[in-house]
1. Can you quote the Å³ per residue value for the convex hull of the Cα atoms in the chain, rounded to an integer?
2. So what is the calculated 222 nm ellipticity per residue for the chain, using -39500 (n - 2.57) for each DSSP H run with n of 4 or more, over all residues, to the nearest 500 deg cm²/dmol?
3. Just from the alpha-carbon atoms, what are the Rg and Dmax of region 7-68 in angstroms?
4. Between region 98-118 and region 33-96, what's the alpha-carbon centroid distance in Å?
5. If we count other beta carbons within 10 Å of each Cβ, what is the order of 107, 117, fewest first?
6. Any chance you could give the angle, 0 to 90 degrees and rounded to 10, that helix 41-69 forms with the longest Cα principal axis of the chain?
7. Averaging over every viewing direction, what projected area does the convex hull of the Cα atoms of region 70-115 cover, in nm²?
Ligand SMILES: [Zn+2]
């Protein structure tokens, strides 16, 4: 029997799905404007702009959801922390690591994601 995911893990997966959904919508809009020739230039711009709005909205929701449920563990001192929104946004990252500065020891490095459990 499959073990149910904790709700915060579900939120993390949902944030990735939402971001992927936004990318797919934008790609679909671009493909639509390239493949359909009998629509005006203005309509093409509106379709691509709509796709960009959907993508930005999806990314904002994704970032808010992901940052809410994730804590990061410093590799040097083991301190777990929630980064600032700016640090979260500009930190280079992999799915389970993000480059951040530890507020406890000041060390810069790739911090491992820990799903926040209440
Ligand atoms: Zn540290």
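1. Looking at the chain, the number lands at 133 Å³ per residue.
2. Taken over the chain, the calculation gives -19000 deg cm²/dmol.
3. When restricted to the Cα atoms of region 7-68, Rg and Dmax are 14.3, 47 Å.
4. About 20 Å separates the Cα centre of region 98-118 from the one of region 33-96.
5. Result, fewest neighbours first: 117, 107.
6. With both axes taken from Cα atoms, the answer is about 10 degrees.
7. Reported value for the Cα convex hull: 2.7 nm².
None of the figures in this text is laboratory data; all of them are computed from the coordinates on show. All figures in this text were calculated on a predicted structure; none of them were measured in a lab. Here the Cβ is made from the backbone with ideal geometry for all residues, glycine too, and neighbour counts use every protein chain on show.
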